[in-house]
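What follows is a short report on a single structure.
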Amino acid sequence: MATSLYIHIPFCKRKCLYCDFYSVIYDNGLATAYIDVLIPQIEGLNQQFSTIYIGGGTPTALEETLLSKLLKSLQKCLKQDTEFTIEANPESLDEDKVKLFLDSGINRLSIGAQSFRDKKLRMLGRIHDSRKAKEAVWLASKRGFKNIGIDLIFGVWEENIEAWKKEIEEAVKLPLTHISSYSLTYEKSTPLFEAVKNGSVKPLADDLAAGMYEAAIEGLAVRGFGQYEVSNFAKAGYECRHNLNYWNNNSYMGLGASAVSYIDGVREANIRDVGEYIRRMEMKKTPVVSSEKLSPVRRAKETAAVKIRTRDGIDFAWFKEKTGFDFQELEKRAIPKLIENGLLKYRKENGILTGVHLKRKGLLLCDMVSSEFL
Ligand code: SF4
């Protein structure tokens, strides 16, 4: 049984130049049909979840009436202590939506601020400016949200470390509990990838981007935002439980176009086409286009690959209990190499090795560490 529920809202007002998440340009007719096929699925769920996350795309691109219908259908999936998150973009968050969210039991808001520099926002193809991003945070806070997070991107071409440090300073002055900070990547099939290919954009040197990452770790730590995962920082007690569920490799259910579910070791992905998703649901056909039953060893290795991203790293006793495998035995080829290369460190208690976690260099090269475990 899944402990977390994810609902994908695949609509945006405009596509950002770096984005490879599945979403299409907002169309009210399509969005209405989409919500109309999602609701019966939600109503058919006979369970409550520890965490619910409505992401996208841009959930706040939906008109208020559609959001209201969606949120109403989710009420019976809530428990007393469900962490209930919705993603919001600055340009489409207003007083009425904030009120609706609070009235519907949403207790965590994740705002796609991305930057507090207007030029950088324009370079990324965002449609809001920095004033709007700050206004969105203050609006949510003044109306009663106690748990507000933002996303910030660094490592944009032509960016310098001083400008980035100023953005961190601006972020920590806001009433925030959580900051996710990602280095810009140039994903295939995005306009920015093409711009790099044709030479009109020159990515920042790796060491400059690494310096920005270190500046984020240090700048956020002194303001009380502890790093609890490679790209995530939170005030104590505000770590995102929904994401921790992924990094603990626990089960989750995904609803909507392109959403992925992982239940009892079976991973299933829905079709990445909103029109086709609606058609299939209307015809009572499955939206699943790929399904894979993971072997126990594969599950254990995937657990290692995601759990290592967290501040706590991998505790050997936890790993054995969770997967049935001895971590040191399972990864006996990878561990010495990663330790020798200064990426991983043993944790010891009373002289006994109890686990491993990433060193500073390992945080920078986390994807490489994870791939060694797979
Ligand atoms: S708003 Fe978010 S999901 Fe939509 S295109 Fe931009 S980055 Fe992607």
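The values are calculated or read from the model by the stated rules, or taken from the named source; none is laboratory data. All of these numbers come straight from a predicted model, not from anything done at the bench. Glycine also receives a Cβ, built like all others from the backbone with ideal geometry; neighbour counts cover every protein chain displayed.
All conditions in (1) farther than 22 Å from residue 286 by Cα; (2) crowded, with 16+ Cβ neighbours inside 10 Å; (3) within 13 Å of the ligand (Cβ to nearest atom) hold for residue 51, with the sole exception of (3). Restricting attention to segment 28-39, does a residue exist that is more than 16 Å from the ligand (Cβ to nearest atom) and either within 19 Å of residue 263 (Cβ to Cβ) or assigned to a loop (DSSP other than H, G, I, E, B) (or both)? Yes, segment 28-39 contains a residue that is more than 16 Å from the ligand (Cβ to nearest atom) and either within 19 Å of residue 263 (Cβ to Cβ) or assigned to a loop (DSSP other than H, G, I, E, B) (or both).
Residues in segment 95-148 that are within 16 Å of the ligand (Cβ to nearest atom) and either under 19 Å from the mean Cα position of the chain (by Cα) or at pLDDT below 95 (or both): 109, 110, 111, 112, 113, 114, 115, 124, 126, 133. Taken together, 79, 72 contain a single residue that is assigned to a helix (DSSP H, G or I), among the basic types (Lys, Arg) and closer than 21 Å to residue 144 by Cβ, which is 72. Pairing residues of segment 7-35 that are without any contact (Cβ under 8 Å) to a residue 24 or more places away in the chain with residues that are crowded, with 18+ Cβ neighbours inside 10 Å, at Cβ distances under 6 Å and at least 6 apart in sequence or on separate chains, gives no pairs at all.
Taking the criterion of being in contact with a Pro (Cβ under 6 Å, 6 or more places away or on another chain) and more than 17 Å from residue 21 (Cβ to Cβ), the only residue of segment 252-288 that qualifies is 280.
Quick check on my filter: what residues within segment 82-94 are part of a loop (DSSP other than H, G, I, E, B), in contact with a strand residue (DSSP E or B) (Cβ under 9 Å, 6 or more places away or on another chain) and more than 14 Å from the ligand (Cβ to nearest atom)?
Applying the first criterion (part of a loop (DSSP other than H, G, I, E, B)) to segment 82-94 yields 82, 89, 93-94.
From what's left, in contact with a strand residue (DSSP E or B) (Cβ under 9 Å, 6 or more places away or on another chain): 82, 89, 93.
Once the filter is applied, which keeps residues that are part of a loop (DSSP other than H, G, I, E, B), in contact with a strand residue (DSSP E or B) (Cβ under 9 Å, 6 or more places away or on another chain) and more than 14 Å from the ligand (Cβ to nearest atom), segment 82-94 yields only 82.
Could you tell me whether segment 310-330 includes any residue that is of a type outside the set (Ser, Thr, Tyr), over 23 Å from the mean Cα position of the chain (by Cα), closer than 29 Å to residue 206 by Cβ and not in a helix (DSSP H, G or I)? No - not one qualifying residue is present in segment 310-330. What residue, among those in segment 54-75 that are of a type outside the set (Gly, Ala, Ser) and over 16 Å from residue 13 (Cβ atoms), is nearest to the ligand (Cβ to nearest atom)? Filtering segment 54-75 for residues that are of a type outside the set (Gly, Ala, Ser) and over 16 Å from residue 13 (Cβ atoms), the one nearest to the ligand (Cβ to nearest atom) comes out as 54.
With the structure loaded, tell me whether residue 55 is assigned by TED's automatic domain parsing to the domain that holds residue 20, part of a strand (DSSP E or B) and either at negative phi or free of Cβ contacts under 8 Å to residues at least 60 places away in the same chain (or both) or whether it fails that test. Show your work before the answer.
Working: assigned by TED's automatic domain parsing to the domain that holds residue 20: yes; part of a strand (DSSP E or B): yes; either at negative phi or free of Cβ contacts under 8 Å to residues at least 60 places away in the same chain (or both): yes.
When the stated conditions are applied, residue 55 passes them.
So for segment 262-279 (the condition being over 24 Å from residue 6 (Cβ atoms), modelled with pLDDT of 95 or more and under 22 Å from the mean Cα position of the chain (by Cα)), does at least one residue qualify? There is no residue in segment 262-279 that is over 24 Å from residue 6 (Cβ atoms), modelled with pLDDT of 95 or more and under 22 Å from the mean Cα position of the chain (by Cα). Restricting the first member to segment 232-251 and to residues that are at positive phi, and the second to residues that are crowded, with 18+ Cβ neighbours inside 10 Å and basic (Lys, Arg), the beta-carbon pairs closer than 8 Å and six or more apart or on different chains are 249/299; 249/307; 249/322.
Residue count for segment 1-27 under the criterion of being more than 16 Å from the ligand (Cβ to nearest atom), in contact with a helix residue (DSSP H, G or I) (Cβ under 8 Å, 6 or more places away or on another chain) and in a loop (DSSP other than H, G, I, E, B): the result is 1. Every condition in (1) within 16 Å of the ligand (Cβ to nearest atom); (2) among the aliphatic types (A, V, I, L, M); (3) surrounded by fewer than 22 Cβ atoms within 10 Å (Cβ to Cβ) holds for residue 78 except the one numbered (1).
In this structure, residue 17 does not satisfy being assigned by TED's automatic domain parsing to the domain that holds residue 242, over 30 Å from residue 157 (Cβ atoms) and surrounded by 15 or more Cβ atoms within 10 Å (Cβ to Cβ). I'd like to know if segment 130-143 contains one or more residues that are part of a loop (DSSP other than H, G, I, E, B), in contact (Cβ under 8 Å) with a residue 12 or more places away in the chain and in the same structural domain as residue 86 (by TED's automatic domain parsing). The answer is no, given that none of the residues of segment 130-143 is part of a loop (DSSP other than H, G, I, E, B), in contact (Cβ under 8 Å) with a residue 12 or more places away in the chain and in the same structural domain as residue 86 (by TED's automatic domain parsing).
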